[in-house]
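Remarks on the structure that follows.
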Amino acid sequence: MKGKNIFRVIIFTLIILYTVLYITQATGYYEYTNRKTNTLTEKAVEQFEKDLKAGKKVKASDYMKEENDYNNKMSKGGVLLSSAIGSVFESVMKFIFNEVSKAVDE
């Protein structure tokens, strides 16, 4: 009985995690962050052009945004975990639908 409850908790957790990851991807969060970065770059180019027209001494490095590197063991582990969850969920769903299909065909 206890093993059955643990299994249910694990499956429920996997479904919730997969759903959150799917919604994040489907809503375009990644594209939004890229567009936001692009907008900042366009503003930097406009400021650069204004400074050139004004005759100011300019350096390209003054207008470049330094990117923070957020890659670490935790984020890499999160990516690996989400990939594993996605593949496990996909195989579980295929198994479930194959079994349902067999049951319906009989």
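None of the figures in this text is laboratory data; all of them are computed from the coordinates on show. A quick note: this is a predicted structure, and the numbers were derived from the prediction, not measured. Neighbour counts run over all protein chains shown; Cβ positions are idealised from the backbone, glycine included.
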Report task. With a point put 7 Å past each Cα toward its Cβ, work out how far residue 104 is from residue 14 in nm, to one decimal. Result -> 2.2
Report task. At 7 Å along the Cα-to-beta-carbon direction for both residue 21 and residue 33, put a label point, then send me their distance in nm to one decimal. Result -> 1.5
Report task. Please give the contour-minus-distance gain from residue 73 to residue 5: 0.36 nm per residue of separation, less the Cα-Cα distance, rounded to one decimal in nm. Result -> 21.3 nm
